[in-house]
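Read the structure below first, then the notes.
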């Protein structure tokens, strides 16, 4: 079974309006080079549309639901809370783990994020090597240790 898991591609959706933090997270995901497909969205509406609509960008069919959703919180805490609430109301997304990355300087409503269904709330680390380490731990846990819900 582990051989099967090692060969499968994991799907990660990244939702972020923050370009600099988004680039850092994407670079860390690529540095770790785990076998995953990364789809990047500027907001939750475009993400939900991509799952539900027949055409998204160059794709001919809707994207499959991801195994993991990453949200990079903007400095506006209210927007992230609204986004998480919107995502967790959708049946197709409800069981997918959502990890919220918060800027170092943001006031974070951590308790509220967990109440709305966040699986983890993580502060953006000070260094790129710190981000790479977080990604390694995150991928190890979510893709090798934790049991993912079956699609559908």
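Here are the numbers for this structure:
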read-out	value
At R0 = 30 Å, FRET efficiency that the Cβ-Cβ distance of residue 20 and residue 111 yields, to 0.05	0.65
Highest average packing first - 114-120, 97-103, 66-72, Cβ atoms within 10 Å	66-72, 97-103, 114-120
Residue 46-residue 141 pseudo-label distance in nm [points 7 Å out on the Cα-to-Cβ vector]	2.8
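Readers should treat all values here as calculations from the given coordinates under stated rules, not as data from a laboratory. Since the structure is predicted, the reported quantities are computational estimates derived from the model, not experimental observations. Positions of Cβ are backbone-derived with ideal geometry, glycine not excepted, and every protein chain shown enters the neighbour counts.
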